[in-house]
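The structure appears below as structure tokens.
The values are calculated or read from the model by the stated rules, or taken from the named source; none is laboratory data. Given the structure is predicted, the values throughout are model-derived calculations rather than measurements. We place every Cβ from the backbone using ideal geometry, glycine too, and count neighbours over all the protein chains shown.
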There are 4 protein chains.
Amino acid sequence: MADSLDALIARVNAFVTERDWAQFHSPKNLAMAMIVEAGEVVEHFQWMTEDESRNLDTETREQVGQELSDTLVYLLRIAEVCGIDLIEAANKKIDLNAQKYPVDKCKGSNAKYSAYE
Amino acid sequence: MADSLDALIARVNAFVTERDWAQFHSPKNLAMAMIVEAGEVVEHFQWMTEDESRNLDTETREQVGQELSDTLVYLLRIAEVCGIDLIEAANKKIDLNAQKYPVDKCKGSNAKYSAYE
Amino acid sequence: MADSLDALIARVNAFVTERDWAQFHSPKNLAMAMIVEAGEVVEHFQWMTEDESRNLDTETREQVGQELSDTLVYLLRIAEVCGIDLIEAANKKIDLNAQKYPVDKCKGSNAKYSAYE
Amino acid sequence: MADSLDALIARVNAFVTERDWAQFHSPKNLAMAMIVEAGEVVEHFQWMTEDESRNLDTETREQVGQELSDTLVYLLRIAEVCGIDLIEAANKKIDLNAQKYPVDKCKGSNAKYSAYE
């Protein structure tokens, strides 16, 4: 059981190596696999109202957790194969987002950031 | 700067709260936002060969890192709003995958697991 | 101006041939391009309520029409390259769907068809 | 059997009306359903090489045709619900694309159009 992100990444990479699957894991293929899994997340919510999506029953939450996990695994693999430090990249991206969406201009609004420029 | 996944999750949640955006963050909406970002990852690779995707120039790798980060942020938000512990869920899913794809049967093969059942 | 689907398909194919782009149009690449465009459709709706999505302003409807068009063009190209007659395939699929979703069992319900089996 | 696009659209709309499903067919929901089906198209190709995707066996081509059909049906429904004439919209979009990608500048190149501006 991997109790942190680093441990999870190591476990995922070992899973791939044991099966000799790195040969199939080009970023191109992995991006396809990631969006397929993201589609399986979306499928759970497509006919729900927003309220229903906020109140999942236990079984559906379990299933959503599985599809999110598959999406995450491919996301981690893309980062690995491309040599991207995901925690560092995400922090840099949030820095950029904080500039694009200043609190005083976009509080409580869902307008796209271009509306603030 | 958040130096771990827990710190990143806390930072993302604070970002949303400061902007009063939780009202828009139903799992339904977040799943849409996540797949839109996953599509922006795919866009980088759609006309590349697999080999090209394995050898990104610095600028493209930077951009892919940004799109992966956006995808991750929405993925973390879905888990947060649904009350899913992502590290735990991912470990459980890998346990399941290890049963579906036994090493001795699928080593070096890209066949879908149903072929092994 | 192509005034029917056949004319549109012929126009799209000519567009590709003139630019010598068929070499990039493997079904794999085209499927990626199609889902990227589908993501641009989704992006328009991700923060809207369902009611808002039913009442688009003129500019947004125009933009949605452009993204739907791009999605359709890649869909037509996949069918072309794979040798699939799309009108025939769609009619056969609707025949199957009519069996999966009998009117008397699923009228007014959004339950997935597996619930009827 | 609908032998043209107009007949197919009429058939799809009748299918929805008979089941009283229009209530679920907001553009927001339909966009989600469309990208889910597009994901099922992508899934067929994710581990194939480009060459393999150009040489599908009969069974896989049949399955791809089914997923393309589902994608098309939701695409047609979005256009219907939004009041978009898809053939007209697609022709206008190809006019725009012809300006963005002039033959003399992009023949044989897969560079994104922004490279030509």
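A few points about this structure:
- Residue in the range D:31-51 that is assigned to a helix (DSSP H, G or I), over 15 Å from the mean Cα position of the chain (by Cα), closer than 24 Å to C:Arg11 by Cα and modelled with pLDDT of 95 or more present: no
- The range D:17-27 - residue that is in a helix (DSSP H, G or I) and either touching a Gly at 6+ places or on another chain (Cβ under 9 Å) or among the acidic types (Asp, Glu) (or both) and, of those, nearest to the other protein chains (Cβ to nearest Cβ): D:Glu18
- Test: D:Arg54 is surrounded by fewer than 22 Cβ atoms within 10 Å (Cβ to Cβ), within 14 Å of C:Ala90 (Cβ to Cβ) and not β-branched (Val, Ile, Thr): no
- Scanning the range A:104-116 turns up one or more residues that are at the interface with another protein chain (Cβ under 7 Å from one of its Cβ atoms), over 15 Å from B:Leu75 (Cβ atoms) and surrounded by 13 or more Cβ atoms within 10 Å (Cβ to Cβ).
- One residue from B:Leu76, B:Leu56 being within 30 Å of A:Asp104 (Cα to Cα), of a type outside the set (Lys, Arg) and either in contact (Cβ under 8 Å) with a residue 24 or more places away in the chain or within 8 Å of another protein chain (Cβ to nearest Cβ) (or both): B:Leu76
- Among the residues of the range D:72-83, the ones that are outside any helix (DSSP H, G or I) and in contact with a Ser or Thr (Cβ under 9 Å, 6 or more places away or on another chain) come to 0 in all.
- Residue in the range C:55-65 that is under 13 Å from the mean Cα position of the chain (by Cα), part of a helix (DSSP H, G or I) and aliphatic (A, V, I, L, M) present: yes
- Residue match in the range C:4-16 (condition: surrounded by fewer than 16 Cβ atoms within 10 Å (Cβ to Cβ), within 14 Å of chain B (Cβ to nearest Cβ) and of a type outside the set (Phe, Trp, Tyr)): no
- For the range B:28-41, the condition holds for no residue, the condition being that it is out of contact with any helix residue (DSSP H, G or I) (no Cβ under 7 Å at 6 or more places or on another chain) and either of a type outside the set (Phe, Trp, Tyr) or within 7 Å of another protein chain (Cβ to nearest Cβ) (or both).
- Scanning the range C:66-87 for residues that are hydrophobic (A, V, I, L, M, F, W, C) and either within 11 Å of the chain's Cα centre (by Cα) or closer than 16 Å to C:Leu5 by Cβ (or both) yields C:Leu68, C:Leu72, C:Val73, C:Leu75, C:Leu76, C:Ile78, C:Ala79, C:Ile84, C:Leu86, C:Ile87.
- Selection status of D:Ala14, part of a helix (DSSP H, G or I), more than 22 Å from B:Asn29 (Cβ to Cβ) and out of contact with any Gly (no Cβ under 6 Å at 6 or more places or on another chain): yes
- Scanning the range B:87-96 for residues that are without any contact (Cβ under 8 Å) to a residue 60 or more places away in the chain and at the interface with chain A (Cβ under 7 Å from one of its Cβ atoms) returns B:Ala89, B:Ala90, B:Asn91, B:Lys93, B:Ile94.
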